[in-house]
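Structure first, then comments.
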Amino acid sequence: MPQMFTPTPTLEPSGPQTMTLNMGPQHPSTHGVLRLLLEIDGETIVRVMPDIGYLHTGIEKTCEAKFYQQTVTLTDRIDYLCPLTNNLCYVLAVERLLGLEIPPRAQWMRVMLNELTRINSHLVWLGSHALDIGAMSVFLYCFREREDVLRIFEMVSGQRMMTSYFRIGGLALEPPLGMFDAVRKFVQRFPSKVDEYENLLTSNPIWMERTKKVAYISAEDAIALGATGPTQRASGVDIDLRRDMPYSSYEKFKFKVPVSRDGDVYARYLVRVQELRESNEIARQALEGMPEGPIKADAPKIVLPDREKMKTQMEALIYHFKIVTEGFPVPAGEVYQAVESPRGEMGYYVVSDGSPKPYRVHVRAPSFANLQCLQTMCDGGLIADVVAAIGSIDIVLGEVDR
Amino acid sequence: MPLAPAITDLEQLKDHPPLARLLSWNANAVESAKFDRDELTIVVKRAAIREACAILRDDPALAFNFLADITAVDWYPNEPRFDVVYHLLSIPRHKRVRLKVRLSGDDPNLESITSVWPSANFFEREVYDLFGVRFSGHPNLRRIMMPEDWEGHPLRKDYPVEGYR
């Protein structure tokens, strides 16, 4: 049984030699507003006590007051580095509640954009993680490519970060002209850019010194403490929801799931960098195999009609008015939909009571659970390793606090 | 893909291994079960939740070794008021199951499962913070999202969203 993680923020030292050090919530390496109380013996960590909730905005409560479609915009704000993954997870949950069938083109688009989102999120992680540890130039390289991804998001949705591009029943709009060309250019160029990052870091002796055998966590501990995603796979647990419990047509794509057994910061770095390449490969397959056809399900009472139809058809106008003003009722029931977000298992538990507003939306946030590993990772390490450990589990505080 | 009606008859659901395992352990511990939208829900008696989790985790044929999530739903003003919902995942078998405990509004407390999965720590604290459901045996049951001196539990349906008057 791993050491129970009991974060009782207290200034009382547990031994005669220890002292308490406050880190955050404004510390640059805590990636937002994470506050840690460290109990230290000299430079050695005795206890790590996270104090979270600084960014709690009550999104789950707000969802209960919105129509199902309006809730999509709230899901963006939960994990602001991978908004499209949140969108996807939520719309999949509601689509399962409704029993909707999504046309293949919409599914392929969703897969492609999700993998670009994963690249976007991992690039922010790589840049800021390297910056925390002291490799400053990687940050600039990563944000150069991230800019390209954000431009693609801007093309499809008009927004760089809070995209809200997925709709219950499909996509918001047909992707614009030139968007596929932009993606094609990006996926062709990107593998060589990953080589550039790896040239800077993978066999860099300073980088290895700072990350190898640092913040180790075993596979058993990772499972017991609820870690998912790259944090778990770097400890040797071979599970990826995209491959093992596929959703949105992921079973039709070929990709490898990188796994490492080392369980340290370096292993988590390697796993994520490999994931960058695999995501790029999935995006390329989605682009090449992109089917033609509609982008919205055939469900006039749920999916908004085309603008053109509204000008010529009475029914379309009525449906549009009804969906916008009254929403659409969703059959009573409950669904837990999980997707593989860049940080791990993201789950949406949506409960419907048959009304047009969700009765309860709960988000299983991967960062929230991953954060519990911090005590086990940092136990007996140095203060500087805490920074490496936080970076390596890739927390997003918007998601931790919701 | 039209919706199939939910199956709630225990006899028909006996083929599902997690339910069969729990029934063979203690048929009285299972209140009801439901199979809806490809998801199995087992409603467990309050006193049995910790042992039910341990059994599902330790059975090698089921191997529900991962606790994905704990949350709650408030059905105010109906009774039993709270559903505490556990989502378990079997990493080797790629299966999920949902356990549920129904709690009355005047005595919302149940046993903590932190001794089965340490990861329940944060999840139970969150449910306690936002719903006011108490978990006995939890090592550190304090608020996690809201400030320590906050009044009330925000995700309850009778929580005044516009403030107390």
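The values are calculated or read from the model by the stated rules, or taken from the named source; none is laboratory data. Just so you know, these numbers come straight off a predicted model, no measurement behind them. Here the Cβ is made from the backbone with ideal geometry for all residues, glycine too, and neighbour counts use every protein chain on show. Just so you know, the surface numbers come from the protein's heavy atoms only, side chains and all, with ligands and any DNA or RNA stripped out. Shrake-Rupley method; radii C 1.70, N 1.55, O 1.52, S 1.80 Å.
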- Task: Compute the label zone of A:Lys322 within region B:1-43: residues whose backbone N is under 19 Å from the point 7 Å along Cα-to-Cβ.
- Result: B:3
- Item | Near-label residues of region A:359-384 by backbone N, under 18 Å of a point 7 Å along Cα→Cβ of A:Gln17 | A:379-384
- Given H placed 1.01 Å from N in the peptide plane, which residues other than close sequence neighbours of A:Arg360 have an amide H under 5 Å from its amide H? A:Val351
- Query: Over chain B, what is the percentage of antiparallel beta bridges among all DSSP beta bridges, to the nearest 5?
  - Reply: 80
- Note on the structure: With all protein chains in place and a 1.4 Å probe, A:Met179 shows an accessible area in Å² (nearest 10) of 0
- Query: Among A:Pro366, A:Tyr348, A:Phe166, whose Cα lies farthest out toward the positive end of the dipole of chain A, if unit charges sit on the beta carbon of Lys, Arg (+1) and Asp, Glu (-1)?
  - Reply: A:Phe166
- Determine, from the Cβ-Cβ distance of A:Arg151 and B:Ser115 and an R0 of 45 Å, the FRET efficiency 1/(1 + (r/R0)^6), rounded to the nearest 0.05. 0.35
- Query: Quick one: Karplus J couplings for region A:174-186, per residue in order, coefficients 6.51, -1.76, 1.60, θ = phi - 60°, nearest Hz, x for Gly and Pro?
  - Reply: 5, x, x, 4, x, 5, 5, 4, 5, 5, 4, 4, 5
- With runs of 4+ DSSP H residues as the only contributors, calculate the mean residue ellipticity of chain A at 222 nm using -39,500 (n - 2.57) per run, divided by the residue total and rounded to the nearest 500. -15000 deg cm²/dmol
- Task: Over chain A, calculate the relative contact order: mean separation of alpha carbon pairs under 8 Å at least 6 apart, over the residue count, as a percent.
- Result: 26
- Could you pull the Cα extents of region A:214-288 along its three principal axes, largest to smallest, in whole Å? 40, 22, 13
- Once amide H atoms are placed 1.01 Å from N in the peptide plane, what residues at a sequence separation of 5 or more from B:Arg81, or on another chain, have their amide H within under 5 Å of its amide H? B:Leu103, B:Ser104, B:Gly105
- Query: Tell me, what ³J(HN,Hα) does each residue in region A:372-378 have, in order and in whole Hz, if you take phi through Karplus 6.51 cos²θ - 1.76 cosθ + 1.60 with θ = phi - 60° and put x for Gly and Pro?
  - Reply: 5, 6, 4, 4, 5, 5, 8
- Message: Can you compute the charge dipole magnitude of region A:336-396 about its Cα centre, using +1 on each Lys and Arg Cβ and -1 on each Asp and Glu Cβ, nothing else charged? Give it in debye, rounded to the nearest 20.
- Response: 320
- If amide H atoms are modeled at 1.01 Å from N in the peptide plane, then the residues at a separation of 5 or more from B:Ala68, or on another chain, having amide H under 5 Å from its own are B:His87, B:Leu88, B:Leu89
- Taking Rh as the Kirkwood radius computed over C-alpha pairs, what is the Stokes-Einstein D of region A:298-402 at 25 °C in a medium of viscosity 0.890 mPa s, expressed in µm² per second? 141
- Note on the structure: About its Cα centre, the protein assembly as shown carries a charge dipole, from +1 on Lys and Arg Cβ atoms and -1 on Asp and Glu Cβ atoms, whose size in debye to the nearest 20 is 1020
- What pairs in A:Lys252/B:Lys95; A:Lys252/B:Lys100; A:Lys66/B:Lys34; A:Lys301/B:Lys14 have C-alpha atoms more than 32 Å from each other? A:Lys252/B:Lys100; A:Lys301/B:Lys14
- Query: If one puts a single equal scatterer on every Cα of region A:163-263 and applies the Debye formula without solvent, what log₁₀ I(q)/I(0) results at q = 0.13, 0.14, 0.18, 0.23 Å⁻¹?
  - Reply: -0.80, -0.90, -1.12, -1.19
- Item | Relative contact order computed over chain B (Cα-Cα under 8 Å; 6+ residues apart), in percent | 16
- Size of the dipole of region A:43-86 about the Cα centre, Lys and Arg at +1 and Asp and Glu at -1 on the beta carbon, nothing else charged, in debye to 20? 140
- B:Glu151/A:Ser137 FRET efficiency (R0 51 Å; Cβ-Cβ; nearest 0.05): 0.55
- How crowded by other chains is A:155-161, given as the mean number of beta carbons from other chains within 10 Å of each beta carbon? 0
- Task: For the protein assembly as shown, build the charge dipole from Cβ charges (+1 Lys, Arg; -1 Asp, Glu) around the Cα centre, then report which of A:Cys378, A:Asn114, A:Ile152 sits farthest towards its positive end.
- Result: A:Ile152
- Note on the structure: Scalar couplings 3J(HN,Hα) for region A:94-100 by Karplus 6.51 cos²θ - 1.76 cosθ + 1.60 (θ = phi - 60°), nearest whole Hz, x for Gly and Pro, are 5, 5, 6, 4, 7, x, 8
- Quote the relative contact order of region A:165-276 in percent (integer), defining contacts as alpha-carbon pairs under 8 Å separated by 6+ residues. 27
- Quote the FRET efficiency, to the nearest 0.05, computed for B:Asn28 versus B:Ala63 with a Förster distance R0 of 22 Å and r equal to the Cβ-Cβ distance. 0.35
- Global size of region B:17-107 as Cα Rg and Dmax, reported in angstrom: 13.0, 41
- Query: In what sequence, largest accessible area first, do B:Leu56, A:Leu98 appear using a 1.4 Å probe?
  - Reply: A:Leu98, B:Leu56
- When DSSP assigns beta bridges and you keep just the ones with both residues in the protein assembly as shown, what percent turn out antiparallel, to the nearest 5? 90
- Task: Let me know the Kirkwood hydrodynamic radius for the protein assembly as shown, please, with Cα pairs as the basis and the value in Å to one decimal.
- Result: 24.5
- Query: Which residues in region A:109-128 have a backbone N closer than 19 Å to a point placed 7 Å from the Cα of A:Glu251 along the Cα-to-Cβ line?
  - Reply: A:109-112
- Note on the structure: In Å², rounded to a whole number, the accessible area per residue of region A:208-329 with probe 1.4 Å is 48
- Taking the Cα atoms only, what angle lies between the long axis of helix B:120-131 and the longest principal axis of chain B, rounded to 10 degrees? 50
- How many partner chain Cβ atoms sit within 10 Å of a residue's Cβ in peptide B:67-77, on average, as a whole number? 5
- Task: Answer with one residue from B:His138, A:Ile133, A:Thr202: the one whose Cα lies farthest towards the positive end of the charge dipole of the protein assembly as shown, charges on Cβ with Lys, Arg +1 and Asp, Glu -1.
- Result: A:Thr202
